[in-house]
Amino acid sequence: MGMNIDSLVRVNKSRLSDFEKILEYRFTNLRLLQQALVHSSYAFEQSNEGENNEKLEFLGDAVLDLVIGHILSHRYVEMREGQLTKLRASLVNEQHLAKMARQIDLGDYLFLGKGEDASQGRQKSSILSCAYEAVIGAVFEDGGYETAVEFVERFFLPTLDVKKEELLIADSKSRLQEVLQEKYNEAPVYVIDAEEGPSHKKLFTVSVRFREENLGTGQAGSKKVAEQQAATEALKSLQAKGK
């Protein structure tokens, strides 16, 4: 029988304390934090297959969905349900969670099996994102819902407004079409007004028009982004006019 969670806590207490400082949270039950850091490959090698972070990851996934949904619905009351769903998805997907994990050096504190460690497991987005959810699950188990909300807010709030703007720009074309189709049963038309620069560094100027009226203009290195910018400007213009 190899190392179990309790044994790891005893020999790893100093490292766990260091990680608590990064998390800005002190665990009442340090065993929970230790378990959140144990990958299934390590537990298997230690003949303790059940003592890994998978159940905490399962819990953390549910907690994160709930907490992010709670935060977004109160912070962005003007956004529609579909937009909130997309925004939450952009915050809790594997890529973003792995990025958050790297910001706190989570990979350095993981317990991996020898094979997983040798194959750069500490840098794998799948492992990092799951471990990040496990840490959130551990915080929830240790401190309850309000503590989990505070923890998630501390790390996620700095990125919320940026993610929101990215989403709204990307969503502008479909939203503009919805507005015009609903009110006038017609779709807008996108026109390339100018295409400048060499082939490897093009600059497109695009306008969006409706019934011969120019509603907005965008300028970017790709037609798609320029169209999205034009649609964003058009939505703002229509809102200002009360249309």
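The values are calculated or read from the model by the stated rules, or taken from the named source; none is laboratory data. Everything numeric here is computed off the predicted structure, so don't read it as measured data. Ideal geometry is used to build each Cβ from the backbone, glycine not excepted, and the neighbour counts take in all protein chains shown.
How many residues, within the range 70-93, are surrounded by 16 or more Cβ atoms within 10 Å (Cβ to Cβ) and either of a type in the set (A, V, I, L, M) or free of Cβ contacts under 8 Å to residues at least 40 places away in the same chain (or both)?
8
Inspect the range 196-207 for any residue being among the hydroxyl-bearing types (S, T, Y), modelled with pLDDT of 90 or more, out of contact with any Leu (no Cβ under 7 Å at 6 or more places or on another chain) and in the same structural domain as R26 (by TED's automatic domain parsing) and give the result as yes or no.
Looking for residues that are among the hydroxyl-bearing types (S, T, Y), modelled with pLDDT of 90 or more, out of contact with any Leu (no Cβ under 7 Å at 6 or more places or on another chain) and in the same structural domain as R26 (by TED's automatic domain parsing), one finds none in the range 196-207, hence no.
Mind checking which residues of the range 24-43 are part of a helix (DSSP H, G or I) and over 15 Å from E133 (Cα atoms)?
L30, R31, S41, Y42, A43
Which condition from (1) touching a Phe, Trp or Tyr at 6+ places or on another chain (Cβ under 8 Å); (2) within 22 Å of Q83 (Cβ to Cβ); (3) β-branched (V, I, T) is the one that V206 breaks?
Failed condition: (2).
Out of E116, E57, report the one residue that is crowded, with 18+ Cβ neighbours inside 10 Å, in contact with a Cys (Cβ under 9 Å, 6 or more places away or on another chain) and assigned to a helix (DSSP H, G or I).
Step by step, each of E116, E57 is checked, and only E57 is crowded, with 18+ Cβ neighbours inside 10 Å, in contact with a Cys (Cβ under 9 Å, 6 or more places away or on another chain) and assigned to a helix (DSSP H, G or I).
Using the structure shown, decide if L8 is modelled with pLDDT of 95 or more and either under 19 Å from L112 (Cβ atoms) or touching an Asp or Glu at 6+ places or on another chain (Cβ under 9 Å) (or both).
no
L16 - would you say it is part of a helix (DSSP H, G or I) and within 25 Å of the chain's Cα centre (by Cα)?
no
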